[in-house]
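Worksheet: the structure to be examined is printed underneath.
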Amino acid sequence: MEILQHIKSRRTVRRFKPDPIPQTVLDEMFEAAMWAPSPANSQPWDFYVIGPEARGKILGLLQAKAKEFFADPDLPEPKRKALEALQADFGGAPYMVAVVSRGGSEPMEQIEYPLSAATAVQNLCLAASAHDIGSIWLSVGSAPPVRPILGIKEGESVVALLALGYPEDVPPAPPREDYRTHMKEIP
Ligand SMILES: Cc1cc2nc3c(=O)[nH]c(=O)nc-3n(C[C@H](O)[C@H](O)[C@H](O)COP(=O)(O)O)c2cc1C
């Protein structure tokens, strides 16, 4: 049951302390990511560590999107708060990385490579939370203008853009639905 407790305690964090993540912890996070399952053990993902130039450009995209959302008077308060925190330099996260799926040559690979890259992302986030490091999976990473910023080639896809660091504050856990309401019995 320890693993279930760990899974439940991972939290999306939107405001970070500036303290850097120690290299030993980064090593463990990426090692955990590599142990994700993948078709024929292809490990079809790469980690793009985001430097200040790319970070600034992606932040500009996020801020432009936030401006659009802020113009909506019906914007739910939690979303407004989340955007406010993130548009301030991604909540001050000291580390950002994109997990990029490699392009597959076969149709099945094209479907399954991003799926397995997503499991690598979850491994990475869980390994981080084992060291009290918070993470956020940022939707802006899926925006098409991010591709040229990161130099993504045709067939590859940005599976996740993550911001990571020690939390400035940890939000309460959003509740989950009962898994039984997500089950279908297939005869
Ligand atoms: C693909 C993906 C994209 C997400 N994008 C955003 C985002 O752009 N901004 C944000 O505040 N949270 C984002 N999240 C985080 C979710 O809001 C969060 O996972 C969810 O509310 C559940 O909270 P928890 O991760 O703390 O359990 C994203 C999560 C996923 C998986």
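None of the figures in this text is laboratory data; all of them are computed from the coordinates on show. Model, not experiment: these values are computed from the prediction. Here Cβ is always computed from backbone atoms with ideal geometry, including for glycine, and neighbour counts include all displayed protein chains.
Tell me yes or no: at least one residue of region 103-113 is over 16 Å from residue 33 (Cβ atoms) and within 17 Å of the chain's Cα centre (by Cα).
No, every residue in region 103-113 fails to be over 16 Å from residue 33 (Cβ atoms) and within 17 Å of the chain's Cα centre (by Cα).
Checking residue 32 against (1) touching a Phe, Trp or Tyr at 6+ places or on another chain (Cβ under 9 Å); (2) surrounded by 11 or more Cβ atoms within 10 Å (Cβ to Cβ), only one condition comes out false. Which one?
Against the list (1) touching a Phe, Trp or Tyr at 6+ places or on another chain (Cβ under 9 Å); (2) surrounded by 11 or more Cβ atoms within 10 Å (Cβ to Cβ), residue 32 comes up short only on (1).
Kindly provide the set of residues from region 158-187 that are part of a loop (DSSP other than H, G, I, E, B) and closer than 30 Å to residue 47 by Cα, ordered by number.
Selection gives 166, 168, 169, 170, 171, 172, 173, 174, 176.
Among the residues of region 158-176, what is the count of those that are within 12 Å of the ligand (Cβ to nearest atom) and either surrounded by 14 or more Cβ atoms within 10 Å (Cβ to Cβ) or under 20 Å from residue 122 (Cβ atoms) (or both)?
Residues in region 158-176 being within 12 Å of the ligand (Cβ to nearest atom) and either surrounded by 14 or more Cβ atoms within 10 Å (Cβ to Cβ) or under 20 Å from residue 122 (Cβ atoms) (or both): 13 in total.
How many of the residues in region 130-157 are in contact with a Lys or Arg (Cβ under 7 Å, 6 or more places away or on another chain), surrounded by fewer than 22 Cβ atoms within 10 Å (Cβ to Cβ) and closer than 20 Å to residue 21 by Cα?
Count: 0.
Every residue in region 4-28 that is within 16 Å of the ligand (Cβ to nearest atom), without any contact (Cβ under 8 Å) to a residue 12 or more places away in the chain and under 19 Å from residue 120 (Cα atoms), please.
Correct list: 4 only.
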